[in-house]
Every structure is written in structure tokens, then in C-alpha cells.
Amino acid sequence: MKRFSLVIAVFLFSACNILFAQDIQVKGTVTELGTDVPMAFVSVHLKGTTRGTTTLDNGSYVINAPSNGTLVFSFVGYKTVEVPVENRSVVDVKMEYDAVTLGEVVMVAYGTAPKESITGSISSVNTKAIEKRPVSSVSGVLEGQAAGVQVNNTYGEPGSDATIRIRGFGSVNGSNAPLYVVDGVPFSGNISDLNPQDIENISVLKDAASSALFGNRASNGVILIST
């Protein structure tokens, strides 16, 4: 009888744990602390897993998570925030600007990483460097600031694209232009349309190890731009 009671108790305990850890839909809005401005492209992922999403233009997000899980919110230049779900269906977050670490992290193909931990060939230009230069284009930001990057504005016309090459020419007949990735999305438009004052960080991936995630599109290097 005691053994039967013990089995029943274990079964009920397991059932309660399974019920407690059921996935629920969690939604919310991410804003900047102090300004309440919605933050787009913030990474939201379930701690300890690869499950994640990003916020939309209005700062909103939706993710399925266990009721006892923890959500991790991260964005370049801001302090990472961890929030327990605690069986809530709405989790709003305010992110705090982190001026100390902004110059110490660089964007890589898979996210961000401390500068001292990078073994690949990467050059990075952060907000402080951009603000110090009165330039009107992305090419102007990179000119003379990233080793191995050549910028040549052959036309000199307002709005025209400068020629940007990473470590010279990789092809005789094909394109030698680098791949541009803006906020995690490959960009095929006119790079001169981007306002340098909207840019938080630019990272230039110059070797195969750094740009492996993007395949043959990255054969001439990758320029990652975070706004």
C-alpha cells in the first residue's frame, strides 16, 4: 500500500511539473529606459535554448516560452536584460543604454561579441567615432577608419555611391563589392541612402572565418551595419 501511494505521489508531482512548464504565448513591448521610445530589432530569446525572435518597428514581440522560463533581451550598446516569465502572458521591458560596453563589443555574423574574444579579422567603428566625423555617407564613416578597407568616390556627385573594397580585388571579371547587412538583413539598395547619424555600429568582416555564415555572397567581405 505504501509503495502504491509513493508511485501515485511521484506521478502527481511529475504531472504538476509538466503542467507548470507548459509553453504559453508571451508578448510585450521593448522600450528605451528614460525615453520610452520603442526599440526595433532587439533580440529576444529563451534562455538556455536557440528559440528566439526580434522586436518589430513598434518594439513589440511575440514568443512561445515555458511558463517557468526566462527571456533574455539584448541589443548592441544596451545592457542585456533577463526576465523570468513567471506564467505571465505579457512581459514589457525597458532597456538601459550602456555607454561603457558600446566601444568594447563588435558585431559578428552571428550577433555580438567582446572585442578581445574575436580571433577573426574584424574592424569596428562605433557611435563615438561616427559622431566625431562630420560625414554625410557610410563610405565617409569607413574612410580611413577601418584597416584594409579602400574607399574611392570616383564620381564626386551628390548621392552617388563610393566604391568600397575590402582587401583589394577578389575577382577580375566578377563583382568586387562587399555584402552589406543592415540590422541582420542583407541590403541590396543604395548604401548612400543610409544616414550616418542613424548608425550605432559598423563592423567589417574581412576573412573567411568571420563571414562564413553568409556563404559565397561574402566572398568580398561583409559590412555589418547596426542602426
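On the basis of being part of a loop (DSSP other than H, G, I, E, B), farther than 22 Å from Val185 by Cα and of a type outside the set (A, V, I, L, M), does Gly34 make the cut? Yes, satisfied. Asn173 passes all but one of (1) at pLDDT 75 or above; (2) out of contact with any helix residue (DSSP H, G or I) (no Cβ under 7 Å at 6 or more places or on another chain); which number fails? Result: Asn173 passes all but (1). In region 3-20, the count of residues that are at pLDDT below 90 and assigned to a strand (DSSP E or B) is zero.
What are the residues in region 75-106 that are at pLDDT 85 or above, closer than 18 Å to Val62 by Cα and not in a strand (DSSP E or B), if any? Within region 75-106, Val85, Glu86, Asn87, Arg88, Ser89, Val91, Asp92 meet the criteria.
The values are calculated or read from the model by the stated rules, or taken from the named source; none is laboratory data. All figures in this text were calculated on a predicted structure; none of them were measured in a lab. Methodologically, a virtual Cβ is constructed for each residue, glycine included, from the backbone with ideal geometry; neighbour enumeration extends over all protein chains shown.
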